[in-house]
Amino acid sequence: MFEAQMAQAALLKQIIESIRELITEATFEVSGTGMMLQAMDSSHVSLVALNLRSDGFQLFRADRPFSMGMNLNHMAKMLKCAGKDDTLTMRADEANDLVTFLFESPGNERLAEFELKLMDITSENLGIPDAEYSATVSMPSAEFQRIVKDLGSIGDTVEITVTKDDVRFAASGDIGNATIKCRQLLDTEKPEDRTLIEMVEPVNLTFALRYLINFSKATSLAPSVTIKLSTEMPVVVEYKLSDIGYVRFYLAPKIED
Amino acid sequence: SAGQPNIASFFTKR
């Protein structure tokens with residue numbers, strides 16, 4: 001038996017909206033520690049890792065580890081039916097191939113029950129080591145989204161260069177070139193407005209912009225985004241979900257043949 | 001031109 005209650009159904013809706021274009025089907029792994037999902041996009045260039053800790057839920061019960069394969073577009077269809085301030089309760093048991101989403105209005109006057117068919121998904125589960133990165137940049141998530149969208153209108157790839165003074169995003173295309181340089185900015189009123197650059201050694205990597213633009217769909221989930229880079233390693237783009245977990249996107253760099 | 005490697009090649013299979 002699995003049962004979990006979230007104060008805001010809108011949070012899960014937003015999470016699924018931010019990843020469903022990248023991965024259409026995925027398996028949620030449920031255990032005593034929480035709900036996890038890890039899936040590659042269909043071209044196996046990027047990977048999404050979602051972690052929702054059990055202590056971030058209002059109620060969380062998982063008698064034993066349990067896998068729930070879901071079509072994320074179908075899940076999104078159901079989550080869209082939740083009211084803005086509805087709570088969400090998820091229920092599933094191994095006896096039937098369904099997960100139930102219960103949407104309850106704040107005054108408890110409306111209770112909606114949606115049952116989603118679960119599916120068997122065969123997927124590779126990858127072990128991602130906790131690596132030390134050469135450079136870690138934290139910046140407002142809206143700023144990162146603006147940069148990748150702006151550069152996406154110039155070129156297909158972005159070259160990211162981190163030095164101790166700044167982080168540069170550069171793109172080139174048929175119409176010309178663009179470089180956006182962000183300096184470290186620590187003296188801000190709100191911590192989420194900071195741009196923080198932690199550099200062990202300088203890095204310079206190139207990535208496909210369309211994936212980074214896709215990752216930035218998660219902007220509404222967190223005011224700040226953390227970008228971790230190491231030479232010839234996948235970039236990690238992390239959105240922290242306050243009090244419950246994170247969504248991390250991994251993207252392999254372009255490597256010279 | 002630059003190649004695009006498979007993301008799985010960077011991680012270990014479980």
* Looking at the stretch A:212-220, is at least one residue more than 13 Å from A:T136 (Cα to Cα), under 20 Å from the mean Cα position of the chain (by Cα) and in a strand (DSSP E or B)? -> no
* To do: Could you list, in sequence order, all residues of the stretch A:211-257 that are at pLDDT below 95 and more than 13 Å from chain B (Cβ to nearest Cβ)?
  => A:S242, A:D243
* To do: May I ask you to list pairs of residues, at least six apart or on different chains, whose Cβ atoms are under 6 Å apart, with the first in the stretch A:151-165 being over 16 Å from A:K181 (Cβ atoms) and the second being in a loop (DSSP other than H, G, I, E, B) and among the hydrophobic types (A, V, I, L, M, F, W, C)?
  => none
* Go through the stretch A:44-72 residue by residue and tally those that are out of contact with any helix residue (DSSP H, G or I) (no Cβ under 6 Å at 6 or more places or on another chain), among the hydroxyl-bearing types (S, T, Y) and surrounded by 17 or more Cβ atoms within 10 Å (Cβ to Cβ). => 1
* Structure fact -> Taking the stretch A:135-157 and keeping residues outside any strand (DSSP E or B) and closer than 21 Å to A:S220 by Cβ leaves A:S141, A:A142, A:E143, A:F144, A:Q145, A:R146, A:I147, A:V148, A:K149, A:D150, A:L151, A:G152
* Asked: A:L102 versus (1) in a loop (DSSP other than H, G, I, E, B); (2) over 22 Å from the mean Cα position of the chain (by Cα); (3) not basic (K, R): which is the lone unmet condition?
  -> (1)
* Check A:D187, A:D93, A:D156, A:D130 and return the single one that is at pLDDT 95 or above and either among the polar types (S, T, N, Q) or surrounded by fewer than 18 Cβ atoms within 10 Å (Cβ to Cβ) (or both). => A:D156
* State whether one or more residues within the stretch A:70-80 are in a loop (DSSP other than H, G, I, E, B) and either over 17 Å from the mean Cα position of the chain (by Cα) or under 26 Å from A:V237 (Cα atoms) (or both). => yes
* Of the residues that make up the stretch A:53-67, is at least one within 21 Å of the chain's Cα centre (by Cα) and closer than 20 Å to A:T24 by Cβ? -> yes
* Scan the stretch A:43-65 and give yes if some residue there is among the aromatic types (F, W, Y), away from chain B (no Cβ under 14 Å) and assigned to a loop (DSSP other than H, G, I, E, B), otherwise no. => yes
* To do: Working only within the stretch A:164-176, note down all residues that are touching a strand residue (DSSP E or B) at 6+ places or on another chain (Cβ under 7 Å) and at pLDDT 95 or above.
  => A:D166, A:V167, A:R168, A:F169, A:A170, A:A171
* Asked: Which of the residues spanning the stretch A:181-210 are in a strand (DSSP E or B), more than 14 Å from chain B (Cβ to nearest Cβ) and not charged (D, E, K, R)?
  -> A:C182, A:L185, A:T195, A:L196, A:I197, A:M199, A:V203
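The values are calculated or read from the model by the stated rules, or taken from the named source; none is laboratory data. Nothing here was measured: the structure is a model prediction, and the numbers come from that model. For neighbour counting, all protein chains shown are included, and Cβ atoms are generated from backbone atoms with ideal geometry for every residue, glycine included.
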